[in-house]
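Everything on this sheet refers to the single structure shown next.
Quick note: the coordinates plus some simple rules give every number you see, no bench work behind them. Keep in mind that what you see is a predicted model, and the values were worked out from it rather than measured. Cβ: placed from backbone, ideal geometry, glycine included. Neighbour counts: every protein chain shown.
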Amino acid sequence: MADKHLILVRHAKSSWTDPRLPDHDRPLNARGMRNAPLMGARVQALGILADALITSSALRARTTAEHFLDALDPTPAKLRVEWDLYHADVATWLAFMETLPDTWSSVMAFGHNPGLTELAADVWDLPVNNVPTCGVLCLTFTGPTWKETATRHPVTALFDYPKNPSNLPEVLR
């Protein structure tokens with residue numbers, strides 16, 4: 001039975017300096033611009049290869065994904081924007097997973113809270129109270145199709161984030 005790997009990334013820290021900007025158009029702040037390449041490099045160091053990178057349409061998520069894309073080698077074919085991931089709830093995330101092509105064994109997706117934290121804690125029973133900005137969940141599921149894996153518990157789960165004192169991912173499962 002083939003494994004499916006899902007890497008979920010919350011966007012890096014965004015700027016609130018211009019209150020006139022719509023939420024969708026907020027850029028990364030200086031900390032976000034530092035953390036996104038850092039976390040991209042940490043994911044690369046784990047040897048995780050993604051068949052595709054898919055991001056929320058929000059500017060902060062797209063910019064975070066672009067920094068990760070720059071850090072990954074080999075580079076996945078392209079970055080795909082998925083409008084439904086902008087503030088996606090649990091049901092939207094699960095529906096998204098079920099529509100992934102089964103030819104992809106590994107997908108990296110960029111999104112927002114509270115959906116990411118609720119997915120990790122409530123659906124997969126992972127001990128995650130909050131996925132912080134630029135936090136990364138690396139999950140492995142057993143099953144030949146994405147549809148079959150969506151509501152199963154991951155067999156392995158790693159969690160990393162910029163302020164992680166060990167600079168090594170926490171093993172959650």
Beta bridge orientation in the chain: antiparallel %, DSSP, nearest 5: 55 percent
Could you point to the residue in H67, S56, P127 farthest towards the positive end of the chain's charge dipole, with +1 and -1 charges on the Cβ of Lys/Arg and Asp/Glu respectively? H67
Setting aside same-chain residues fewer than 8 positions from K13, which lysines have a Cα under 30 Å from its Cα? K4, K78, K163
I need the peptides 35-46, 161-172 ranked by packing, meaning the mean over residues of other C-beta atoms within 10 angstrom, with the highest value on top. 35-46, 161-172
15 Å beta-carbon shell around G143, net charge (K/R +1, D/E -1): -1
Pull up all non-local amide H partners of T156: gap of 5 or more, or a different chain, and H-to-H distance under 5 Å with H placed in the peptide plane. T140
Computed about the Cα centre, the charge dipole of the chain from +1 Lys/Arg and -1 Asp/Glu charges at the Cβ has a magnitude in debye, to the nearest 20, of 500 debye
Please list 3J(HN,Hα) in residue order for region 81-95, calculated via the Karplus relation 6.51 cos²θ - 1.76 cosθ + 1.60 where θ = phi - 60°; whole Hz, with x for glycine and proline. 9, 10, 4, 5, 7, 5, 6, 5, 8, 4, 4, 5, 4, 5, 5
Between D89 and D3, what is the spin-label point distance in nm, taking each point 7 Å from the Cα along the Cα→C-beta axis? 3.3 nm
Isotropically averaged projected area of the chain, using the convex hull of Cα atoms (one quarter of hull area), nm²: 9.1 nm²
Chain lengthening between S15 and K163 when straightened (0.36 nm per residue, less Cα-Cα): 51.4 nm
